[in-house]
Structures are given as structure tokens and as C-alpha cells.
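Single-structure report; data block below.
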Amino acid sequence: MTSISYPLAERTLANGLRVIVSEDHTVPNVAVNLWVGVGSRHETPGRTGFAHLFEHLMFQGSRNVASGEHFSALMDEGARLNATTWFDRTNYFETVPTGALELALWLEADRHGHLLDAVTQENLDNQRDVVKEEKRQRYDNVPYGSALIDIYATVFPEDHPYHHPTIGSMEDLDAATLEDVHEFYRAHYGPNNTVLTLVGDVTPEEGFAAAERYFGPLPAIELRSRGRQPQLPPVPEPVRLDRVGDVPNDRLYISFRLPVDTTPDYLACQVAVDVIGGLASSRLVRRLVRGDESAVAVGGWTMGLVDGSGLGTITVDVAAGADPDEVEAAVCEEIRRFLDEGPDAAELESVIADTERSWLSALASLEERADHISHHALLTGDPAYVNSFVDRIRGVTAEQAREAAQAWLDPQSRVVVRYLAGSSEDAGEQDTADSGDRSEKDPEEAA
């Protein structure tokens, strides 16, 4: 098959802004995508939740833009826009008709360079309340809402940058002063900590000229370099956290530390997790859902991260009347079978075909293509990864998937978070490291 070859032109402005243009005149739209190198992993103890808070503050006005005007001005032109925060970055994006590109860049440059003119005590207090309400709606008051928070806290050590969630601590946000917030912005929001990607109906010459016109005058900031963490090894023995409360059914989250994003072992682990539990035809679906009917749903996913670890998780919704200990033991048994056998030819072909289909479907969207380009430009230094990923995943062999699983997916190195249905009076929390293997009888914050 023909390799992917989306055009990529790149230029770095004098102030350090990295600009990437991928020309595509299929439709008269341009996806404008900015990735800023600040996420929850850049926060310090006592200052968690700041990256996500700024995602909200960026829509509350800047030097020349009134509060809410960023949304209204672009939506009046027919644009779609939003922002998200994650461990490794904060992302601001809009897709605009070609004629509104200059407006979008002017608005982005004003808030990326002159936000603090509008970050008043009133705005800070208002957005703190918005974040608290978001936490109540998305985490505190929905079944399994805190599962990811629990996974991060058990998989990653307390002093690791991925240990705390992007939503942060409400106590930290309450304690933050206006000067604390201003200082966080000054430390991270600068053109030399940002990637701007333009995908769509714009030539490289037009895109570079427009970026220079609006972002070129912004001053670079002094970056406080913090080296990335060394690769975390697998956990030495099983770890378990149980939550008992008002959930529809028992649910298991069985997680593993993985290699960092884009490495050959990470891609091989991605294949392994999909074969074990990630696809509709996975081994666990066949055994637990279609076979003994001890589960009503099974899922599997991997999370590509860059600061010392990735993450892989198998999720199982336990059927009514089934024993979660026995279901967990069955999961571990299937993982061990994969460690012994690896995937067969049909499983490997199915996973690679499904991964390729999902990747090509994503890149067909201007928005998602721009997002992937920004992602890899900022975090891995390789924006052309959008063109090489399919070849890389096709190159994973059955033996590589088996060997990577042996190194990273051994059930002895699992971290288990269990949400168990029961009365709130029984909601005693357990957080223990098992001395033995008990299995023998163990989306992103968006504005």
C-alpha cells in the first residue's frame, strides 16, 4: 500500500514559535491548532489544577478582546472552537472558513501574548467556581467518575508528574493568589513554548506570513527547563485499590505501566492490549462476554505519555452475580496465555487493520490531523509521525508483541482499581500491595 504523505512545511520564528503548515484545499477551511508545553505534569505541589484553570481563563478576555468575545467573534464567522488540557500540554483550536484565518490568529495572539491584562481577581474567582462545578459534574457525581484519578494515583508514585489528575486539587485552587496565577502564566505561556499548526486551505507562504504578522511581535519567555523522568519500571508486585459505593455494577480497572509514547515497545504493547481486551473480537470479549457471560463489557486502551511512562488498562464490567475475584483471575489467565503464545496471525492482522482504519479516519479530519501534527511536534519533535505511524504499526510482529507484553504486562505487575457495588456505609477504602498474586484462586479536561 502507498505510504501516507501529507505535506508538511515548517518554520521557527525569531521568538521561538514553531509554525507548521499542511496545505489541503479540499474544503475552504483552515484548522488552527496551538499546543502549549504546559499541562498538569508541569505543576508543583500546592499548585495543582493551574494548567486547566488557564484553559478556562483564556476565554475570559485579553488586552484587546472582551470576556467571551473569542467564542462569539469566531462563531459569528461559522467557526468551531474549544480547548483541552492534559498531562503534557494545553491545546487551543478552532476550524474557520479561510476568510476568517486572520481573525483567528489575531485573537489567539492577543490571548497568548496579553492575557494577564484581563486576569483580574473577579475573573479568577469566577473561573475557580466554574472548575469546581466541572469537577462535581464530571467526577464527583457520576458513577466511576473518579476512576482515572484513582488509576493515576495508584500506578504512578506520589512524586511522579503523572500522579495527580489534570483537574487538580480544589484546595490548591482556593489557596491560589492572583500573583500565583500570573506567575504560572509568565512561566509557561510564550511563543518558544508553543507549536502553531495550520491545516487546510492555506499555502505555507501565506501561513508563515500570517503567523509572523500576529505572533512575531510576542516576546520569548525564559523557559525553566525540567528534564523528563527516567523510564518507570513495572510495579514489583500487584497493587489494589477498592472503592465500594453506589455504582451500577462491579467494574475492574487492571492497569500497567508502559514504555513512553512512540517507542517500538509502546506500539507493541498497544497491539498486545488490543488483542487481549481492546477490540470487539478480543480474547477477553470472547471468553468473558460471549463465553461464560461473567462480564457484560470489556475494554482495553493504552495512553501514550512522554515523561517516564505510558499507561495501559483493561476494563471489565462484571455481570450481576459473577464474582469479581474470579473475573480478575480469568483476565490474568488470558494475559498469561498471551505472554506464552503471543497473537496468532489473524489477531495480529485484525488489530493492525483496525488501528490503521482509526488512524486514517482521524487524519481525514482537518482538526484531528492538525492535532496530531501539533502533538508530535511539541512532545516527540517529529510532526511527520502522522505520515509514518501506519508503517510503524504495520511493522510490529507477533514476536515483538509477545516480548513487549512479557516485559510490561505481566499480571504480577498489575495495578487493580475496583469499583464494587454496595452501600455507602460499606465504602471503606482499601489500598494495599499484595505480597502474592491473588489471581491464582488479581477522553481530557475540556472547556
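The values are calculated or read from the model by the stated rules, or taken from the named source; none is laboratory data. Source: prediction; values computed, not measured. No Cβ is skipped: glycine too gets one built from the backbone with ideal geometry, and neighbour counts run over all protein chains shown. In case anyone asks, the SASA skips ligands and DNA or RNA and just uses the protein heavy atoms, side chains included. Shrake-Rupley method; radii C 1.70, N 1.55, O 1.52, S 1.80 Å.
Brief remarks follow.
- Spatial offset of segment 189-236 relative to segment 298-356 amounts to 35 Å, using the alpha carbon center of each.
- Of all accessible heavy-atom area on the chain, the percent that carbon and sulfur account for (1.4 Å): 50
- Relative contact order computed over segment 257-326 (Cα-Cα under 8 Å; 6+ residues apart), in percent: 35
- For segment 1-48, the per residue solvent-accessible surface stands at 46 Å², with DNA, RNA and ligands left out and a 1.4 Å probe.
- Stretch gain in nm, segment Glu222-Ser365, where the contour uses 0.36 nm per residue and the Cα spacing is subtracted: 48.0 nm
- Protection-proxy order for peptides 399-408, 232-241, 267-276, each taking the mean of Cβ atoms within 10 Å per residue, highest first: 267-276, 399-408, 232-241
- Residue-averaged [θ]222 nm for the chain, counting only DSSP H segments that reach four residues, each worth -39500 (n - 2.57): -11500 deg cm²/dmol
- Note on segment 102-189: along the principal axes its Cα atoms extend 42, 31, 27 Å, ordered by decreasing extent.
- Radius of gyration, Dmax [segment 143-203; alpha carbons; angstrom]: 17.1, 47
- Exposure of Leu178 as accessible area (Å², to 10), given a probe of 1.4 Å and all protein chains: 50
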